[in-house]
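Everything on this sheet refers to the single structure shown next.
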Amino acid sequence: MGSSASVPAMPWSPDGWQRRVAEQQPDWPDEAALTQVVKALGRRPPLVFSGETRKLREQLAAVARGEAFLLQAGDCVESFDSFSTESIQAKLRVILQMAVVLTYSGGIPVVKVGRIAGQLAKPRSSPTETVDGTTLPSFRGHMVNDFAFEAEARRADPQRLLSAYDHAAGTLNLLRALTKGGYAGMSQVHAWNQAFVASSAQGERYEEIAAGIDRALAFMRACGVDLEAGGRLSQVDLFTSHEALLLHYEQALCHGEQGAHYGGSAHMLWIGERTRGPAGAHVDFLSGLANPIGVKLGPGASPEDALELCRRLDPEREPGRLTLISRMGADAVQARLPPLLRAVRDAGHPVVWACDPMHGNTYTSESGHKTRDFDAILREVSGFFAAHGEVGTWPGGLHVELTGEDVTECIGGEAAISEQQLQARYETMCDPRLNGRQSLDLAFRSAELLAERRS
Ligand code: PEP
Ligand code: CO
């Protein structure tokens, strides 16, 4: 993380980050090829539009006021290899199901943001990986290199930035069609319940809610309420987000409009735990964008760290601007979070607080799989709610890694996946994700906490 003393204060510019230390950037072997790609990307249209981004900021402002709840969810890292209608649709279905559960049982509007359409680059704890005496660069996501443990595959290839743009554009195109074309409408709530989920206790509980929604809609129709007006029940807003890690890509897609700069790669961009140094390149770049910005805060974050990030990223104290995503771990959250909540509240920053119950609870099983225990995930979520209860702040949202597929990556949950069963369908290229049933289960437990808090 760079030191602020070495960088004189200058007005912000989209390339100003290049004068600072940028952590977690790949070693691009061919500078000229990178420059070519960045130029080509800069000529492409933005993937999202500023009006949409402003709409998300308004919705997040409602979360900051305690009037709504944020659900930010999707892959740890998307894959070029599993780029299909089925996988995108399956992810969307789980997010919509979770949102229905939270809205219906928690009794509050849910702002839906996918870790999707651009979540393609990863920070790594080590720049290299050694297997059987061979050392190669680490896999950094399909935006950079390939997963196979071979020298050629692990070489950082800037052409992949263009492929990432295409992947994100194709994903977003399908998401727009599905969310605006009726598939995500309230008449479809039953259709989202996939077979392997529907047969579980959560699936059955979900069906009860879906039936309740049917009855409520029939009742309102019978009363003469025009439910179709303005697409109120047939259309859904699903916003996109990813970790803004590769700054060449983010800079190329950023554009000026009416005196402001917008990141064009996604509606919401976040800064990861490893790149949040207040004097570093990532904080500098994102401080100048008008998009809603997120920052991860791990157990090592002090109240002063949080305040410094608030000063840098939310100097005007605007609700909806900054989301602080706590990822403390189940054992640390109740002790570590309250001092941060108090400090940020007392300094007058109207931030959204979200809970990422995934990244502080990762460990390696005896079989060598990176995994997470569903019980620890639940404990972190309830610890998060308890911390907010203690301080009197609003537990604004959840940030989770999930997939629509029937994978076995996190242990526990109602299906009681054991460490021995992890290898059955362990498909992630990075962190372990909740499967459809575990995601729904998490939504039910969180909705109970929300309902409790609201009463
Ligand atoms: C992630 O969200 O996948 C991630 C790497 O998180 P963090 O920065 O919190 O470790
Ligand atoms: Co992850």
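Binning the C-alpha pair distances of the chain at 10 Å intervals from 0 yields a P(r) profile of 4, 21, 33, 27, 12, 2, 0, 0 %, listed from the shortest bin outward. Restriction of the chymotrypsin sites (Phe, Trp or Tyr not before Pro) in the range 52-96 to DSSP coil positions whose beta-carbon has at most 11 other beta-carbons within 10 angstrom yields no sites. Counting only cysteine Cβ atoms and a cutoff under 4.7 Å, the chain contains unmatched residues Cys223, Cys254, Cys310, Cys355, Cys410. The distance between label points at Glu304 and Met186 comes to 5.1 nm (points 7 Å beyond Cα on the Cα→Cβ vector).
Could you give the distance between the Cα centres of the range 428-445 and the range 45-61, to the whole Å? Computed from Cα coordinates, the inter-centre distance equals 27 Å. DSSP assigns beta bridges within the chain; of those with both partners inside it, close to 25 percent run antiparallel. Shown in residue order for the range 426-441 are the 3J(HN,Hα) couplings computed by the Karplus curve 6.51 cos²θ - 1.76 cosθ + 1.60 at θ = phi - 60°: 9, 10, 5, 8, 9, 8, x, 10, 6, 8, x, 5, 5, 5, 5, 4 Hz (x for Gly and Pro). Only helical runs count toward this figure. For the chain, summing -39,500 (n - 2.57) over DSSP H runs of n ≥ 4 and dividing by all residues gives -12500 deg cm²/dmol at 222 nm. The residues of the chain present an accessible area of 39 Å² per residue when probed at 1.4 Å with all protein chains retained. Remark: C-alpha extents of the range 17-108 on the principal axes read 54, 34, 27 Å, sorted largest to smallest. Taking only protein heavy atoms and a 1.4 Å probe, the accessible area of the range 112-186 is 51% carbon and sulfur. Label separation (Gln36 vs Glu228): 5.3 nm, computed from points 7 Å beyond Cα along the C-beta direction. For the residue pairs Lys55/Lys91; Lys55/Lys296; Lys39/Lys112; Lys39/Lys296; Lys112/Lys370, the alpha carbons lie more than 25 Å apart in Lys39/Lys112; Lys39/Lys296; Lys112/Lys370.
The values are calculated or read from the model by the stated rules, or taken from the named source; none is laboratory data. These numbers were taken from a predicted model, which means no experiment stands behind them. All Cβ positions, glycine included, derive from the backbone under ideal geometry; neighbour counts span all protein chains shown. Only protein heavy atoms, including side chains, enter the accessible area calculation; ligands, DNA and RNA are left aside. Shrake-Rupley method; radii C 1.70, N 1.55, O 1.52, S 1.80 Å.
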